[in-house]
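The values are calculated or read from the model by the stated rules, or taken from the named source; none is laboratory data. Because the structure is predicted, anything quoted here is derived from the model rather than measured. Backbone-built Cβ (ideal geometry, glycine too); neighbour counts: all protein chains shown.
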């Protein structure tokens, strides 16, 4: 019971890795990551739609106030979107590609961020503790031991599941190939995989290296999204495992027969460190969502024509800046 109340079992990974939930469909158990994906998607869509309505320019009857975004959350989302678009995506991808892929890239960022933030909230551990407090010790203990998934309906970190991160990486993989075939065509894509147009149509003596380049490029097309999946998985598992280990120190003392005051003191100190690490995990949640989105943008831009410099030049001198995101409003030019 004490171990459960301290939210740590014998194996800290039991509170980090994916497992079956108490929900099932036609006799098939749903994993916690499946439920988190659905709940995370609903929450993400709801929050973004509410923010979009608050960012949208209001009626003219509001005067200049119609251009002001209402609500703190909507203002934060607007700043994030503008920063990612203007400071990160456009310089890397160019105006044309950034405009075309912005919906997908921002969707990946906010969806992964939502799943990462959900993982910082101990929904599963709270449910196990509630079972203990209600006297259902055997059920909660069986759930911690993975013997009977009957205590937890929702919780965990979906991005700590390899199936989830591979699914997200598959989206990036499809986007990369789609961009390649759309921008370069089948012939251009094959030339790119063989080292480029200059090598393919260059001296015959250099053709001997084309098979080597082709194998490396094909391998890289699969390795890039796989690296995205593994990086996201590893960072989420590592941070949450560290937090679970810190909380387990007090339970270890009690299990070894130590005094209660020692276990309480260790738990208090470990809890302070866990709170500090939580702030670090909050930063990592944002960072990993950004890295996944940004590297996807980089990989997509590598499969496009080399016209970024021209587009950025036209953007800087022709547009003269970016407007209010989502407003769809342009100020009229001053009369001369």
Legend entry - Residue that is without any contact (Cβ under 8 Å) to a residue 40 or more places away in the chain and closer than 25 Å to residue 122 by Cα, where the choices are 37, 23, 30, 17: 30
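With the structure loaded, tell me whether residue 208 is at pLDDT 90 or above, out of contact with any strand residue (DSSP E or B) (no Cβ under 6 Å at 6 or more places or on another chain) and assigned to a helix (DSSP H, G or I) or whether it fails that test.
no
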Inset, instruction - Go through the residues of the range 64-81 one by one and say whether even a single one is under 28 Å from residue 180 (Cβ atoms) and in contact (Cβ under 8 Å) with a residue 60 or more places away in the chain. - result: yes
